[in-house]
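Before any comments, here is the structure.
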Amino acid sequence: MSLIWERYSMSHKPFIFLCDVDLPSPGVQDKTADADRLKKELAKKGLHNVLIPLNILRRLPEELRRNQFSLQLVIGFHENSLRLLDIGKEKVYGLALDIGSTNIECSLLDLGTEEKIDAMSRDNPQMKFGSDVLSRVQHVMAGKTGNLTCELLQGINALISTVCTKNAVSPDDIYAIVVAGNTIMTHFFLGLDVRNIPVSPYIPAVNSGVFADARDAGLQVNQNAVIYVLPNSGSYVGGDIISGIIFSGINKEKEPVLFIDVGTNVEVTLGCRDWLMTGAGAAGPALEEGIAGIGVKAKPGTICGVKIDRLDKTVRLDVIPGEEPSGICGSGMIELISELYLSNIIDRAGKFVEKADGVVERNGEKSYLLFRSGSRELLLTEDEIQNFLLSKAAMFSFLYVFVKSLGLTFKDIDKVYMAGALGCGINLETAITIGLLPDMPRDKFIPLGNSSLGGAEMILLDRGLIDSIEDLLPMITYREMNENQDLMNVLQGAIFIPHTDPALLKG
């Protein structure tokens, strides 16, 4: 008996499992049809009403007789039923897929051993149609050329091919894919109409989770593979946030917990096992490469950490090995701004201090010289520092006002889960120094990395979590913050380092 079937029979609910069956051979006294014979044997194991796709039904007679009526089956869940996906496979794999506006990331899992084999990411090819999802929706609404669903699927299939080739896995052995993404991105993935999402009354084509076959979804894996797309809770709370809630477990917490997911925007969930409130606002650019001319994604040669000696102002760079410094990522930028401030090179307003070390003038503009190699220089201008501080101010202000709007303070928060760009390699102390994050006990901050992908991985290994998702969806309330007057009031002070009213940082 397959190990994964034993786990299922003990109430563990993997999306896909292997099941060995030994069927009695037909004869004069037993003329039961092949498919009915198989279903009868599966029912004895507690697997009732297993659906058999036509392409498997066509293979079944020959497979049974070639294997003396002993088969190893690949069985998967599809909505509320079980489905026979393949016959005679020794290995079964699954993919967790996070479709972000900027990046697509996947994890490849061995569903037999529950081992995570690899994770990879690539740029979302839809970026050519606009850096944010609303630009892409406007592209569709304007009737411009270019199929955004096809572009997205090509990118996903290329990523699947790359991760499979690297790990010597056949895409035909992938039988389940769990997909998380914001509401618009999952609509693009499914080829659904997005034109009604950004206009009043903001109605998506679907909110509930969607099951599909790989052949219908357009993915180049086993064509019987089960695709599950996480539900969204309206236009603004996507499956990526739902997946993050599952991954962090805040829906099981007794005391209020803050969950912050930073991508292109900042998305916040505050709540516990009794209630969940979510909201979204601007801020993500502080952690993205577009905030400065020297901003880049993490790759060999990217500066991810900066230290400036307080006395002689010498600079020590932490660089991803492989190439000489070529730019700085979001976490490195946070550390650089903090170090410039603590070293008295910039003041609280982000302006360069008169005659500060390392400040040069290029083309009539003051800049900080971070690195020089021959004639090549990495420079951070004063205007770019101002843009960064405005972005960090937007994020902190949103956090502060969101928590306050629920009658709470930062002191009432039991934990702070950090996901997305904020949960990947951020130096917590420097983020608090500049006022990006509230000044709370450090042990309350818990980095999660890509929580959207992590939640999809969990669901891939335990389909029972879909029931947990259905239970938490009615608990979620979206809080609109765009017209909150307190937001602008807090923002004005948050543009400074760390804030003109430091007491706000403590809640």
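The values are calculated or read from the model by the stated rules, or taken from the named source; none is laboratory data. This structure is a prediction, so every number in the text was calculated from the model and none was measured. Every residue, glycine as well, gets a Cβ built from its backbone with ideal geometry; the counts of neighbours run over all protein chains shown. All accessible areas refer to the heavy atoms of the entire protein, side chains included, with ligands and DNA or RNA removed. Shrake-Rupley method; radii C 1.70, N 1.55, O 1.52, S 1.80 Å.
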Of all residues in the stretch 85-101 being open to solvent by 10 Å² or more (accessible area, probe 1.4 Å) and not in a strand (DSSP E or B), the one that is nearest to S170 (Cα to Cα): K91
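Hey, any hits in the stretch 206-216 for a residue that's in a helix (DSSP H, G or I), without any contact (Cβ under 8 Å) to a residue 24 or more places away in the chain, of a type outside the set (F, W, Y) and touching a strand residue (DSSP E or B) at 6+ places or on another chain (Cβ under 9 Å)?
Yes, the conditions are met somewhere in the stretch 206-216.
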The residue that is modelled with the lowest pLDDT, considering only those in the stretch 7-37 that are over 13 Å from V74 (Cβ atoms) and in contact with a strand residue (DSSP E or B) (Cβ under 9 Å, 6 or more places away or on another chain), is R7
With respect to M458, determine if the residue is more than 23 Å from I303 (Cα to Cα), surrounded by fewer than 18 Cβ atoms within 10 Å (Cβ to Cβ) and in contact with a Phe, Trp or Tyr (Cβ under 9 Å, 6 or more places away or on another chain). yes
Which numbered condition trips up V206, out of (1) open to solvent by 10 Å² or more (accessible area, probe 1.4 Å); (2) within 30 Å of K404 (Cβ to Cβ)? (2)
From the list L378, L390, pick out the single residue that is assigned to a helix (DSSP H, G or I), surrounded by fewer than 22 Cβ atoms within 10 Å (Cβ to Cβ), of a type in the set (A, V, I, L, M, F, W, C) and in contact (Cβ under 8 Å) with a residue 60 or more places away in the chain. L390
Exactly one condition in (1) under 28 Å from T186 (Cβ atoms); (2) open to solvent by less than 10 Å² (accessible area, probe 1.4 Å); (3) not small (G, A, S); (4) not in a helix (DSSP H, G or I) is not met by F402; state its number. (4)
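Condition check ((1) basic (K, R); (2) at pLDDT below 90) across all residues:
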residue	(1), (2)
L389	no, no
S397	no, no
K415	yes, no
G425	no, yes
P447	no, no
D467	no, no
L472	no, no
From the options L82, L153, L109, residue that is under 18 Å from T186 (Cβ atoms) and either open to solvent by less than 40 Å² (accessible area, probe 1.4 Å) or part of a helix (DSSP H, G or I) (or both): L153
F188: passes all of (1) in contact with a Pro (Cβ under 9 Å, 6 or more places away or on another chain); (2) buried (at least 18 other Cβ atoms within 10 Å of the Cβ); (3) not in a loop (DSSP other than H, G, I, E, B); (4) not charged (D, E, K, R) but (1)
Kindly indicate whether V360 is farther than 20 Å from S121 by Cβ, in a strand (DSSP E or B) and in contact with a helix residue (DSSP H, G or I) (Cβ under 7 Å, 6 or more places away or on another chain). no
Would you mind stating whether E361 is acidic (D, E) and in contact (Cβ under 8 Å) with a residue 60 or more places away in the chain? no
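Among the residues of the stretch 307-324, which ones are among the β-branched types (V, I, T) and either open to solvent by 40 Å² or more (accessible area, probe 1.4 Å) or within 27 Å of the chain's Cα centre (by Cα) (or both)? Give the derivation first.
Our first condition is that a residue be among the β-branched types (V, I, T); within the stretch 307-324, this holds for 308, 314-315, 319-320.
Within the stretch 307-324, T314, V315, V319, I320 qualify.
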Tell me, please, whether a residue that is within 23 Å of E114 (Cβ to Cβ) and among the polar types (S, T, N, Q) can be found in the stretch 159-166. yes
When the stretch 405-439 is checked residue by residue, the ones that are open to solvent by 10 Å² or more (accessible area, probe 1.4 Å), assigned to a loop (DSSP other than H, G, I, E, B) and either in contact (Cβ under 8 Å) with a residue 60 or more places away in the chain or touching a Phe, Trp or Tyr at 6+ places or on another chain (Cβ under 9 Å) (or both) are L406, L408, T409, D414, C424, G425, I426, N427, D439
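Those residues that are among the charged types (D, E, K, R) and at pLDDT below 85, I need them from the stretch 251-308; list them, please. Please lay out each step first, then the result.
Step one: of the stretch 251-308, the residues among the charged types (D, E, K, R) are 252-255, 261, 267, 273-274, 288-289, 297, 299, 307.
E288, E289, K297, listed by residue number.
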Going through the stretch 445-477 one residue at a time, which ones are more than 15 Å from the chain's Cα centre (by Cα) and closer than 14 Å to L108 by Cα? L461
